[in-house]
Each structure stands twice: as structure tokens, then as C-alpha cells.
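All remarks here apply to the structure that follows.
The values are calculated or read from the model by the stated rules, or taken from the named source; none is laboratory data. Predicted, not measured: the structure shown is a model, and the values here were computed from it. Positions of Cβ are generated from backbone atoms using ideal geometry, with glycine treated the same way; all protein chains shown enter the neighbour counts.
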Amino acid sequence: MIEKQEISWADFEKVDLRVGTIIAVEDFPEARKPAYQLTIDFGESIGLRKSSAQITKHYTKEELLEKQIVAVVNFPKKQIGKFMSACLVTGFADDNGDIVLTAVERPVPNGAKLM
């Protein structure tokens, strides 16, 4: 078991986790590991954000369209090759290390904040 340093509630509140709906999925052949380029709608207050996600093992492009996911929206943008990622899509590694997306159980408004 990996033990991590405890954080305060104030530390947790700094991480802005929001729900967004994937509205576009493109292949990302330039990525070192197989990945998709996602366009995610986080609603009116945040808008559209792009992200690179290494989720090709469990998801087809068609399955991802209109899927609601959970992402961190307040990290600095990150250059990945020629692509600029503006949020971090969250997920968990399965037994093989392939990522399973963090998603919501029922539809919620885009931009809803994790409470």
C-alpha cells in the first residue's frame, strides 16, 4: 500500500474537478503512447477545453462521444507535441495499467463541480 502525505481541506479545495461532456474525439498519431485528442464541453462558465487522453484500450471514438467525464480544469495548459492540453481527464488504471475514465453515475450539468 502506498502511503501519501495527508493534505488539508484547503489543499483539496484548490483542485477544481468538473464534469464535462466529450463533444469531439480525434486520433492523436503523434503521441508517444496511443491517445485521443478530446474536446470537452464544461458549460457556459468554463467553455470548451481540449485534452489528450491515453484511453484507447477501453474506448472507441464513438463510445466517447457524448460521454460525461470528470476532469481537473485548473492545471496550467500543457504542450504535448503540437497539441495544447487545457485540462486533465481523470481515471483509474486497471490490472494492465490501461485507464478507465472517471465518470458520473447520472447526467449532471456540464461544469458541475465535485463537492
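Quick notes on this structure:
- The residues listed here are Ile55, Ile46; of these, the one that is part of a loop (DSSP other than H, G, I, E, B), of a type in the set (A, V, I, L, M) and in contact (Cβ under 8 Å) with a residue 60 or more places away in the chain is Ile46.
- Checked against the criterion of being farther than 20 Å from Asn96 by Cβ and either among the β-branched types (Val, Ile, Thr) or in a strand (DSSP E or B) (or both), the candidates Ile23, Ile2 yield just one match: Ile23.
- Entry remark, the range 59-83: residues being within 16 Å of Ala31 (Cβ to Cβ) and either of a type in the set (Val, Ile, Thr) or modelled with pLDDT of 95 or more (or both) number 4 in total.
- Search result, residues across the range 63-115 that are polar (S, T, N, Q), surrounded by fewer than 15 Cβ atoms within 10 Å (Cβ to Cβ) and part of a loop (DSSP other than H, G, I, E, B): Asn74, Asn96
- Whichever residue in the range 12-51 is modelled with pLDDT under 95, among the charged types (D, E, K, R) and farther than 26 Å from Glu105 by Cβ and, among such residues, is surrounded by the most Cβ atoms within 10 Å (Cβ to Cβ): Glu30
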